[in-house]
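Notes follow the structure.
The values are calculated or read from the model by the stated rules, or taken from the named source; none is laboratory data. Just so you know, these numbers come straight off a predicted model, no measurement behind them. No Cβ is skipped: glycine too gets one built from the backbone with ideal geometry, and neighbour counts run over all protein chains shown. Surface areas here come from the heavy atoms of the whole protein model, side chains and all, with no ligands, DNA or RNA. Shrake-Rupley method; radii C 1.70, N 1.55, O 1.52, S 1.80 Å.
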Amino acid sequence: MSTLLIRNGTIVTATDLYKGDVFVDGDRISTIGTALTMPADRSIDAAGKYVLPGGIDVHTHLDMPFGGTNSADDFESGTIAAAHGGTTTIVDFAIQYKGQTLHHAWETWMQKAEGKAVIDYGFHMIITELSDQVEQEMDALVRQGVTSFKLFMAYPGVFMLDDASIFRALLRTGQNGGTICMHAENGGVIDVLVKKALAEGKTAPKYHALTRPARAEGEATHRAIALAEMAGVPIYIVHLSAAEALEMVTEARDRGLAAYAETCPQYLFLSYDNYEEPGFEGAKYVMSPPLRPRETQDRLWRGLAFNDLQAISTDHCPFCMKEQKEMGSGDFSKIPNGAPGIETRMSLVYDGGVRTGRISLNRFVELTSTSPAKIFGLFPRKGTIAPGSDADMVIFDPNRSMRLGAQTLHMKVDYNPYEGREVTGVTDTVISRGKVIVDGETFTGRAGAGSFLKRSTR
Ligand code: URP
Ligand code: ZN
Ligand code: ZN
């Protein structure tokens, strides 16, 4: 068991900001104070820097078969990239394919992560088929620490569940304490619009966005919340992108419902305009829900500031342009949906959120770490800096700048949606359960050092 002393930093949590030292004994935070003098195996001077709880990204897709291909990062490359960006915990999605048990899906994803993940990880379970047996399996998974389930209102024939199945799953979480995460887009409407566009010869990437209207997200968000209200359980809307959807969440929260939602950096920093980039470039941004008009960004920032949105995750689902996105060069509906983001979240949100005054530093920590930890059963082990918590911390330099680009970042993807963008506020050092795993530019961690996190219920 080694010890570590972080001295002279500015410690930031969701509620506090003060100068101090943090002493780590083994994999936990032991003592917080000023001018701590205990001897340590390693001492880091964090003067002029923030000491933050490690970032928690509760929406990633590593090594995921999707759209006829596989997401480009596996659990090793994806978690190394996450660590470089200041994220020390992820919650990824295991998928129950039709005809399979949830247990089989869980085992499959546990095998994908084992021996590879460099940071701690948990799983949500995507349910694509619901039966009495699957409902019983939901209970078993919750007992094993997989305490949240993603359901889809989109992708008919692949992932989409009907309202009755969604309602049954919601009711079940009322008994077992799990949480339903919803991909809220009206898949039936979108499918009709996609077929119509293709029949009219509209094949370019921008038609991905034009066939997924914001109202289709608003409608599904409204329906998801209504179903959860009737079931008497909370609901968490994933990757919220549209103002129309945010209005539904806000209205529900104003009525006192336990409706929660996350948004992602791509919806805060990119917009529909990116689909108008020349040639096939728009494919870089093909994701679902799609990017929205630029004006939506302000609405989302306001939602984040006023707690109508509770988390910022990435929906990291990278596909290379070469051979992967290219699969849809003559038909936008064949472009694999998703984009990279696991590494750039903290710097983008700090630069575009805190430095611009849109959110406070405490709110930054809350949205990227504390609140996801609370919603998904990881707090106070993760998501804060406190004695007894896991020693997952980031020493963050608020004054250092870097230029984002596929060549210098660590994600295994041949483009970056923010290529050339300069951000100020960069991760210097990353500590995962007491061990320094990123030291400046150097990765010092180990594949397989990350552990599966058994999460608690609501
Ligand atoms: O386009 C996206 N979002 N790809 C990942 C799958 C999902 O729906 O989250
Ligand atoms: Zn989704
Ligand atoms: Zn996703």
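Data overview
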| quantity | calculated |
| --- | --- |
| Test: residue in region 277-295 that is among the small types (G, A, S), open to solvent by 30 Å² or more (accessible area, probe 1.4 Å) and more than 16 Å from ligand 3 (Cβ to nearest atom) | yes |
| Pairs with Cβ under 9 Å, 6+ apart, first in region 316-342 and under 22 Å from G201 (Cβ atoms), second of a type in the set (D, E, K, R) and open to solvent by 10 Å² or more (accessible area, probe 1.4 Å) | K325/K284; M327/K334; G328/K334; F332/K202; F332/K206; S333/K195; I335/E326 |
| F123, sole failed condition from (1) within 16 Å of ligand 2 (Cβ to nearest atom); (2) surrounded by fewer than 20 Cβ atoms within 10 Å (Cβ to Cβ); (3) under 30 Å from V436 (Cβ atoms) | (2) |
| D298, sole failed condition from (1) within 28 Å of N362 (Cα to Cα); (2) touching a residue at least 40 places away in the same chain (Cβ under 8 Å); (3) open to solvent by 10 Å² or more (accessible area, probe 1.4 Å) | (2) |
| Some residue of region 169-176 being under 22 Å from the mean Cα position of the chain (by Cα), basic (K, R) and modelled with pLDDT of 95 or more | no |
| S371 being surrounded by fewer than 23 Cβ atoms within 10 Å (Cβ to Cβ) and of a type in the set (S, T, N, Q) | no |
| Answer residue from region 47-68, given it is in a strand (DSSP E or B) and hydrophobic (A, V, I, L, M, F, W, C) and is farthest from ligand 1 (Cβ to nearest atom) among those | V51 |
| Options M153, M125; residue that is more than 30 Å from V51 (Cβ to Cβ), within 15 Å of ligand 3 (Cβ to nearest atom) and within 15 Å of the chain's Cα centre (by Cα) | M125 |
| Residue among F306, F319 that alone is under 19 Å from D57 (Cβ atoms) and among the aromatic types (F, W, Y) | F319 |
| Selected residue [at pLDDT 95 or above, acidic (D, E), surrounded by fewer than 24 Cβ atoms within 10 Å (Cβ to Cβ) and touching a Lys or Arg at 6+ places or on another chain (Cβ under 7 Å)] from D390, D397, D351 | D397 |
| Residue in region 443-452 that is touching a residue at least 40 places away in the same chain (Cβ under 8 Å), more than 26 Å from H124 (Cβ to Cβ) and either part of a helix (DSSP H, G or I) or more than 19 Å from the chain's Cα centre (by Cα) (or both) present | yes |
| Identity of the residue in region 33-46, in a strand (DSSP E or B) and open to solvent by 50 Å² or more (accessible area, probe 1.4 Å), that ends up nearest to ligand 1 (Cβ to nearest atom) | R42 |
| One residue from R223, R253, R215 being within 16 Å of ligand 2 (Cβ to nearest atom), assigned to a helix (DSSP H, G or I) and open to solvent by 40 Å² or more (accessible area, probe 1.4 Å) | R223 |
| Verdict on T173 being hydroxyl-bearing (S, T, Y) and either open to solvent by 30 Å² or more (accessible area, probe 1.4 Å) or closer than 16 Å to H124 by Cα (or both) | yes |
| Hits in region 278-313 (condition: within 27 Å of K325 (Cβ to Cβ), touching a strand residue (DSSP E or B) at 6+ places or on another chain (Cβ under 7 Å) and within 16 Å of ligand 2 (Cβ to nearest atom)) | Y285, M287, I312, S313 |
| Neighbours by Cβ (under 6 Å, 6+ apart or cross-chain): first from region 130-155, under 11 Å from A169 (Cα atoms) and open to solvent by 40 Å² or more (accessible area, probe 1.4 Å); second at pLDDT 95 or above and not small (G, A, S) | none |
| Search result, residues across region 90-116 that are open to solvent by less than 40 Å² (accessible area, probe 1.4 Å) and of a type in the set (D, E, K, R) | D92, K112 |
| Criterion (open to solvent by 10 Å² or more (accessible area, probe 1.4 Å), touching a Leu at 6+ places or on another chain (Cβ under 7 Å), farther than 22 Å from L161 by Cα and of a type outside the set (A, V, I, L, M)) met by exactly one of D63, D74 | D74 |
| Qualifying positions in region 21-61 - among the aliphatic types (A, V, I, L, M) and within 16 Å of ligand 3 (Cβ to nearest atom) | I56, V58 |
| Condition check for K334: open to solvent by 20 Å² or more (accessible area, probe 1.4 Å), modelled with pLDDT of 95 or more and within 16 Å of ligand 1 (Cβ to nearest atom) | yes |
